[in-house]
Amino acid sequence: MLVWERPEPPERPVPAPLSRERIVETAIRLADAAGLEAVSLRKVAAELDVGPMRLYGYLATKEELLDLMVDAVYAEVRPTGEGWRAVLRSVAETTRQTVLRHEWLADLLGGRPQLGPHVLARGEAVVAALDGVDVDLVMPVVGAVNAYVIGAVRREIAERRAERATGLDEQQWQRANGPYLERRFATGRFAALEKVIRDGAHLDADETFQLGLGFVLDGIEAHLAR
């Protein structure tokens, strides 16, 4: 039986009250502070001041704990708006905001579908908004938006982590690498790239995400209108 349907053990107030919800909240707090490497059944049990074996009454593996954590934060992804485009945009935007609050989520996106109640509720709202679209196109449409969001937020989180690791923000990194690029451009072999870097708009993360998302939604809309 999957963890979503498995009943919890009877409540035991001594030595400390425990529930699946408390376990997940504690794991999320640890991950928010120090990443997924800070999350293990042993570390969560220590934070809750209980023995590690006691957690096995509530979940069987660390993978189940990660599934529960993902589903818990998906409660923050709230589809809103009227029509498929507005709903897909809201899901994309709130997914990004959720990942920026919980950086570890970027490492768990993608792969096999999550089956928790909050993920399923989000999926239901999105698919319902696509009512009337050819049923064979619904999942490819959702998949296209998901693929864009996952790629965009993973890149954004990777840049955050690189900044912390190197101690260089984006402008400092550009200044440090500028002389190298100038030498490369001086060879004349990278004229197209040089023009874009010198003359193109330098958008911030929000602008970049919104523009790319618009490209994806425009493409979907054009295809559905055929």
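Values (i) 17.6; (ii) 18.6; (iii) 20.6 are given for comparison; Kirkwood radius over Cα pairs in Å, derived from the coordinates here, is the one labelled (iii). Taking only Cα atoms, what is the 0 to 90° angle, nearest 10, from helix 135-166's long axis to the longest principal axis of the chain? Value to nearest ten degrees: 80.
Mean-square fluctuations from a GNM of the chain, with a 10 angstrom spring cutoff on Cα atoms, peak among R183, R22, R161 at R183. Listed from fewest to most Cβ neighbours within 10 Å, the set S19, S40, S90 follows the order S19, S40, S90. The ranking of W104, W173 by Cβ neighbour count inside 10 Å, starting from the fewest, reads W173, W104.
Rounded to the nearest 10 degrees, the angle from helix 170-185 to the longest Cα principal axis of the chain is 40 degrees.
Across the stretch 20-73, the volume of the C-alpha convex hull divided among the residues equals 64 Å³ per residue.
Put a plus charge on the Cβ of each Lys and Arg, a minus charge on the Cβ of each Asp and Glu, and nothing anywhere else: the dipole of the chain about its Cα centre is then about 680 debye.
Segment E25..L109, full-extension length gain: 28.3 nm, with 0.36 nm per residue of separation and the alpha-carbon distance subtracted.
For a test of the definition: using alpha carbon positions, the gyration tensor, and the 1.5 limit on a/c, classify the stretch 151-226 as rounded, prolate or oblate. Taking the square roots of the gyration eigenvalues as a ≥ b ≥ c, the stretch 151-226 is oblate. For the pair the stretch 53-109 / the stretch 169-226, the C-alpha centres are spaced 29 Å from each other. Among Y74, Y180, Y56, Y148, a tally of other beta-carbon atoms within 10 Å of each Cβ gives an order, fewest to most, of Y180, Y56, Y148, Y74.
Extension gain for D134-K62 works out to 22.0 nm (0.36 nm per residue, less the C-alpha to C-alpha distance).
Note on the chain: helix-only mean residue ellipticity at 222 nm, from DSSP H runs of 4+ residues weighted -39500 (n - 2.57) and normalised by residue number, equals -21000 deg cm²/dmol. Counting only alpha carbon atoms, the long axis of helix 117-129 and the longest principal axis of the chain meet at about 50°. Selection among L66, L55, A27 by position relative to the dipole of the stretch 20-73 gives L55 as farthest towards the positive end (Cβ unit charges, Cα centre).
We did not get these values from a lab; they are worked out from the coordinates using the rules stated. Only a predicted model underlies this, so the values are computations on that prediction, with no experimental measurement involved. Here the Cβ is made from the backbone with ideal geometry for all residues, glycine too, and neighbour counts use every protein chain on show.
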